[in-house]
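Read the structure below first, then the notes.
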Amino acid sequence: MTYGERFALTLFTRDPDLAAEAERAGVDRIGVDLERLGKDERQGGLATWISDHDEADLEALAARVPARRLFARCNPVHPGSRAEIERLLARGVTTIMLPFFRKAAEVERFVDLVAGRAHPVPLLETAEAAADVEALCRIPGLSEIHVGLNDLRLSLGWRTHFHVLVSGLLERLADQILGAGHRLAIGGVGRAGDDRLPIPSDLVLAQYPRLGATGALVSRAFFAGPETPDLVRDITALRARLDEYAGCPEAWLAARRRELARHVGAPEA
């Protein structure tokens, strides 16, 4: 299996038709974003998306998406976490993402609640969680960590999520996560070759093989522009571009990091 083929893509949607199209296109995880607790306080007023998805949306998605692809992002650990996770499992969710934690102990609680009945994915998106990554990587039952760029840059007080993407901090996190034998996912990706975005999408895509990441969200930018994406065509093209970049020399990938850093005004070293 090539790098592009094993790159795990996750799509947030409540639309059964879009979910079915994404399934035909080979998107690996398809489902709802249920995160509410604290998100408006963190991101309210910013150009970020706060979901209006509901647990009940999973019923329509489950009718169009194989169980192996059914996904949900739950709320951060809170007093109702056990009941929330049980409801998601009862609706057939097979991958659950935990957002916005500060300590590895919260993830350990989450993994214990899932208890091997679904694939648990912690979303590392706070400075405190980044500082606790070694303990996070030691949690039994964990095999994948997704680094979220938007909340992490807010937590760090950095200008944009691209500053995180080209940072030494993210390189250190990648080294620790991969060194522990875990799969690494990072942020979200747009369509290959989309130069209409403020930052060319291919500059972002080149960072994934550079960092050793093998997963990402399908971002809102993927659907930006006047033309509706053809998911089968565009997901195939995305995987092909990732394959292309995975075969490039390290020096070329390092140059793309410097180019992206120049675009966003971040340190190049």
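The values are calculated or read from the model by the stated rules, or taken from the named source; none is laboratory data. What you are looking at is a predicted structure, and each value in this text was computed from that prediction instead of being measured. Because the Cβ atoms are built from the backbone with ideal geometry, glycine has one as well, and the counts that use them run over all protein chains shown. Remember, those area values only see protein heavy atoms, side chains included, never the ligands or the DNA or RNA. Shrake-Rupley method; radii C 1.70, N 1.55, O 1.52, S 1.80 Å.
How much of the pair distance distribution for region 62-214 lies past 27 Å, counting alpha-carbon pairs only, in percent? Beyond 27 Å sits 26 percent of the P(r) for region 62-214. Scoring 174-182, 208-216, 232-240 by mean Cβ neighbours within 10 Å over their residues and listing the highest first yields 208-216, 232-240, 174-182. For LEU124, nonlocal amide neighbours, meaning residues 5 or more places apart or on other chains whose placed amide H falls under 5 Å from its own, are HIS146, VAL147, GLY148. Within the accessible area of the chain, what % is carbon and sulfur when the probe is 1.4 Å and the other protein chains stay in place? In the chain, the share of accessible area belonging to carbon and sulfur is 51 percent.
For the pair CYS248 and LEU197, a Förster radius of 22 Å applied to the C-beta separation gives a FRET efficiency near 0.55, rounded to the nearest 0.05. Ligands, DNA and RNA aside, GLU244 has an accessible area near 100 Å² when probed at 1.4 Å.
Between ALA105 and ASP15, the contour length at 0.36 nm per residue exceeds the Cα-Cα span by 29.0 nm. Entry comment: accessible area of the chain is 43 Å² per residue, from protein heavy atoms only and a probe of 1.4 Å.
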